[in-house]
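Read through the structure below, which is laid out as structure tokens, and then see the notes.
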Amino acid sequence: MNIIFGPVNSRRFGTSLGIDLSATHKQCNFDCLYCELAPAPTVTRQDHSLPVSQIMEALSTALKEHESIDVITLTANGEPTLYPYLDTLIDAIDAVKGTKQTLILTNSATLTDASIFQTLLKCDCVKLSLDALSSSVFEKIDRPHQSIDILHVKDAVIEFSHCYTGKLYIEILFVHTLNDTPEEIALLNETLLHVNCERIDIGTVDRPPAYPVSGISYQELHHIARQFDASLPIHIASRHHAQTCRSHYSSEEILNTLDKRPLTHDDVALLFDTASQERLQQLIQSRQITEITRAGLRFLVPSKNLGRKRQNILTKPK
Ligand code: SF4
């Protein structure tokens with residue numbers, strides 16, 4: 001049984017050592033269509049959980065071997081917040097982690113439980129998944145346990161984002177013909193305007209899914225990114241379906257595109273033809289475009305926007 005895995009390198013979080021809080025089998029309150037794990041009935045509590053002492057023993061051994069990691073990631077074959085001793089485990093990790101950060105990856109549903117809400121406040125970084133906000137699409141794509149109401153989850157996510165002092169990331173995974181409609185994107189956009197987070201990663205199905213669903217292209221993700229309010233820190237996290245489809249942009253179009261949606265150099269390499277990339281370099285040299293670091297990634301933005309948009313997000317009414 002492998003409790004600890006990695007280290008794995010991630011551009012977003014650095015070098016990470018993972019802890020699997022459901023190492024024996026899948027235990028999840030969702031049964032997502034796109035899950036990398038085989039389909040399984042949903043549960044709201046684990047029927048088999050490892051003792052904290054066993055996890056800490058495995059972690060201590062791994063930390064001796066991999067001293068220079070940046071992050072300890074709490075995840076699972078399923079939903080890590082279903083682990084019943086999570087609060088005790090996080091305290092135990094905090095006592096030994098030194099300068100390393102703790103990160104938990106959760107599907108957000110258990111944030112409606114006050115004790116789990118409080119436990120997650122202790123993590124240095126939290127990544128919340130939020131795939132859909134209409135009940136019908138949420139139920140189709142995430143196939144949640146019948147006790148879960150997406151409207152309660154939405155309220156808990158907004159509240160958590162305003163109580164939490166660590167780094168909060170939101171992840172949305174788009175599935176072809178399910179949550180990539182203008183109506184669903186509008187609902188996500190409206191809610192995310194009330195969420196205080198470092199970054200919103202949008203991606204698609206990159207690995208073999210549990211059910212026969214398909215992802216969308218990089219260009220479609222880019223189109224979706226532009227449907228969100230320009231003040232939101234959207235980042236296209238998935239390039240698996242990226243195809244070379246480079247277009248011509250005038251200097252004005254480059255400035256307008258970056259005004260609506262900051263892009264990384266990787267995005268630019270996929271979207272801009274050679275002449276447009278040279279034009280972008282000239283705009284950087286003439287300081288009309290600036291690079292900023294947002295949650296560990298470098299984005300290109302029009303210089304005139306610096307300091308303006310982030311403030312907009314934080315002053316939106318709840
Ligand atoms: S929440 Fe994660 S582990 Fe659970 S079914 Fe969905 S993708 Fe799989």
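Taking the criterion of being among the β-branched types (Val, Ile, Thr), in a loop (DSSP other than H, G, I, E, B) and over 16 Å from PHE138 (Cα atoms), the only residue of region 179-204 that qualifies is VAL195. The sole residue among THR81, THR88 that is in the same structural domain as SER214 (by TED's automatic domain parsing), under 21 Å from LYS167 (Cβ atoms), free of Cβ contacts under 8 Å to residues at least 40 places away in the same chain and not acidic (Asp, Glu) is THR81. Summed over region 127-178, residues that are closer than 15 Å to CYS197 by Cβ, among the polar types (S, T, N, Q) and part of a loop (DSSP other than H, G, I, E, B) total 1. Applying the set (1) in a helix (DSSP H, G or I); (2) within 16 Å of the ligand (Cβ to nearest atom); (3) of a type in the set (Ser, Thr, Tyr) to THR119 leaves exactly one unmet item: (2). Taken together, LEU128, LEU103, LEU59 contain a single residue that is within 27 Å of ASN2 (Cα to Cα), surrounded by 17 or more Cβ atoms within 10 Å (Cβ to Cβ) and either among the basic types (Lys, Arg) or more than 16 Å from the ligand (Cβ to nearest atom) (or both), which is LEU59. Looking across SER68, SER161, SER108, SER129, one residue alone is over 20 Å from the mean Cα position of the chain (by Cα), assigned by TED's automatic domain parsing to the domain that holds SER10 and not aromatic (Phe, Trp, Tyr). It is SER68. Can you name every residue in region 190-234 that is farther than 17 Å from LEU297 by Cα and of a type in the set (Lys, Arg)? Result: ARG207, ARG226.
For every residue, the table says whether it meets (1) hydrophobic (A, V, I, L, M, F, W, C); (2) under 24 Å from the mean Cα position of the chain (by Cα); (3) more than 10 Å from the ligand (Cβ to nearest atom); (4) buried (at least 21 other Cβ atoms within 10 Å of the Cβ).
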| position | (1), (2), (3), (4) |
| --- | --- |
| ARG12 | no, yes, yes, no |
| LEU37 | yes, yes, no, no |
| ALA40 | yes, yes, no, no |
| SER53 | no, no, yes, no |
| LEU86 | yes, yes, yes, yes |
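Considering only residues in region 54-82 that are of a type in the set (A, V, I, L, M) and part of a helix (DSSP H, G or I), the one that is nearest to LEU33 (Cα to Cα) turns out to be LEU82. Within region 26-60, being within 23 Å of LYS97 (Cβ to Cβ), touching a residue at least 24 places away in the same chain (Cβ under 8 Å) and out of contact with any strand residue (DSSP E or B) (no Cβ under 7 Å at 6 or more places or on another chain) holds for SER49, LEU50, PRO51, VAL52, GLN54, MET56, SER60. Identify, by number, the condition in (1) at pLDDT 80 or above; (2) in contact with a helix residue (DSSP H, G or I) (Cβ under 9 Å, 6 or more places away or on another chain); (3) within 28 Å of GLU184 (Cβ to Cβ) that THR264 doesn't meet. Only one criterion is unmet by THR264, namely (2). Within region 191-204, one or more residues are under 30 Å from ARG279 (Cα atoms), touching a Leu at 6+ places or on another chain (Cβ under 7 Å) and touching a residue at least 40 places away in the same chain (Cβ under 8 Å).
If you check THR24 against the conditions, is it of a type in the set (Val, Ile, Thr), surrounded by fewer than 18 Cβ atoms within 10 Å (Cβ to Cβ) and within 16 Å of the ligand (Cβ to nearest atom)? Criteria met by THR24. Is it true that some residue in region 242-253 is of a type in the set (A, V, I, L, M, F, W, C) and farther than 30 Å from PHE138 by Cα? Yes; the residues of region 242-253 include at least one that is of a type in the set (A, V, I, L, M, F, W, C) and farther than 30 Å from PHE138 by Cα.
The values are calculated or read from the model by the stated rules, or taken from the named source; none is laboratory data. The model shown is predicted, which means the values in this text are computed figures rather than measured ones. With ideal geometry, Cβ positions are generated from the backbone for all residues, glycine too; neighbour counts draw on all protein chains shown.
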